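The values are calculated or read from the model by the stated rules, or taken from the named source; none is laboratory data. Bear in mind the structure is a predicted one, so any value in this text is a computation, not a measurement. A quick note on method: Cβ atoms are made from the backbone with ideal geometry, for glycine too, and the neighbour counts reach across all protein chains shown. Quick note on the areas: whole protein, heavy atoms, side chains included, nothing else; ligands and nucleic acids left out. Shrake-Rupley method; radii C 1.70, N 1.55, O 1.52, S 1.80 Å.
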Amino acid sequence: MTDVPDAVLMGIDVGTTGVKVIGLDPRSGAVVAASAREYPSSTDADGAHEQNPAAWWEAVCGCTRRVMESVADRPVAGVGLSGHMHSLLLLDEHDQPVLPALTWADRRASDDTARLAQDARFRKVGGNQVVNAFTAPKLAWVARTRPEVLARATRLVLTKDVIGHRLTGTWATDETDALGTLLYDLSEGAWSADLFAAVGASPLLGLPVLSSTSLRGVVHAGAAAATGLPEGTPVVAGAGDVAASVVGAGVADRSRMVLNAGTAAQVMGVSTTPDPGSGFLFGSATGEGFVAMTSLYAAGASVRWAERSVLGGTDINEAASAANAGSDGLTYLPFMFGSTVPRKKDMARAAFLGQTERHGRAELAASVLEGIAFACADAIDAVAAATGSPDVVHLVGGVTRSERWRHALASVIDARFELVPDGGSALGAAVLAGIGTGAYGSAADAADAISTVSVGRPEPEQVLAYRQARDRYRAWCERLL
């Protein structure tokens, strides 16, 4: 534990839709300050999903200044980083983007994905099969459609590492983000020249790779002025958001899983072998074993769409409160960006099914929450096939604030559910900063301090209704996917 009694750890998470920064008291495990700020994405009908890296930094600076104001004069023992994974940002020799950042949600590389999926080396060397979300097909798309742009690139950088560079002046990434590109050799612990060649690019684009708890540098004077962080504060390499969220949820062994339901939802379990089953394989931020993960691309994204486009700005939980459990037979498939469970299908899209004249706003809202819950339940089942069934599932993320969503999920999965109010990638980043700077001896030490709240099931008749609704959901998936 840190020798400075009142020191705090800072965690910075650069998410898909915005930044979250927290201040963590390492002794009590309490989040003593937090700030969040959104930034826009640019999309089009062809599947583009792009962001401006300058917006990431602007949001980080605003949030860190606010957190520093909240913690007053308490010293900062270290800063940890997390960010949305699988993005593609190419920089030129002057560290300027040659293209906007392509996020994991960019779907323009479908043809390249199909081609690379036939190459067995990606699964063998990179640990995962090729899907649109990964960096590799995006890089192949740039190489095929904009070779002159790729020729100007000197670095491929990941989201959190842009912030790491702005804070410290040094370029590096960590093992979890490197593995998440699908261009990294899992067994060799190095960028794969063969996989880079398969996408038409040079492995020299890859950054130096550190462990997630290694120090990448210290906050320099210019960054201190911009962020409010003290000059000289240690900055730990950090991890991609999937691996960081496992740490931030207090999951350290195979008896537990974490379901992180934000813009996308991810279910993660601890695996002792590099076998993702039907899901995906990620590195462990603590360096112990691996993380098996299955995701739902449009969890919170479905909620925001429904509130904006169907409910006229009304909170979805308020709108859903008048509907019966099971939404009177209305089913929503939450596949706006493609499906991963029960089957991977990049071209799948969302749909309301079974709609009749008796269904109104309440049922539409309720079915969205229930459809997200049932997709998450399928993801839990998929991860359990690789890691074993969990005794406890820890719940993290904005969607978990919905009681209806929690009730639907708890009704169809036989496990205990624990809500982690402050959990998530930002907390995981702060914990990694604590491990890297010696404030914590291990992730287990930090996990002991993370508080949880038990989630109960609804009344038996509601449990039955939700189980019947999940049966309908699965029948539609079998028919359409």
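Note that the range 24-124 shows a convex hull volume over its alpha carbon atoms of 180 Å³ per residue. Across the chain, C-alpha contacts under 8 Å between residues 6 or more apart give a mean separation that, scaled by the residue count, equals a relative contact order of 17 percent.
Take every Cα-Cα pair in the range 201-359 and report what % of them are more than 20 Å apart. Pairs farther apart than 20 Å: 67 percent. Report note on the peptides 387-393, 217-223, 326-332: ranked by the mean count of other C-beta atoms within 10 Å, highest first, their order is 326-332, 387-393, 217-223. For Thr263, the residues whose amide H sits under 5 Å from its own are Gly300, ignoring neighbours fewer than 5 places away on the same chain, with H placed 1.01 Å from N. Note on the chain: with neighbouring protein chains present and a 1.4 Å probe, carbon and sulfur make up 48 percent of its accessible heavy-atom surface. Restricting attention to the chain, lysine pairs at least eight places apart or on different chains and with alpha-carbon atoms under 28 angstrom apart total 10. Heavy atoms of the protein chains alone define the surface here; on that basis the range 230-325 has 31 Å² accessible area per residue at 1.4 Å probe size. At a probe radius of 1.4 angstrom, the accessible area of the range 66-203 per residue rounds to 36 square angstrom. A 1.4 Å probe run over the protein chains yields, for the range 363-450, 27 Å² of accessible area per residue, whole-number rounding. The calculated Kirkwood hydrodynamic radius for the chain is 22.4 Å, given to one decimal from all distinct C-alpha pairs. According to the square roots a ≥ b ≥ c of the eigenvalues of the Cα gyration tensor, what is the shape class of the range 1-81, taking rounded for a/c under 1.5, prolate for a/b larger than b/c otherwise, and oblate for the remainder? In terms of gyration-tensor shape, prolate.
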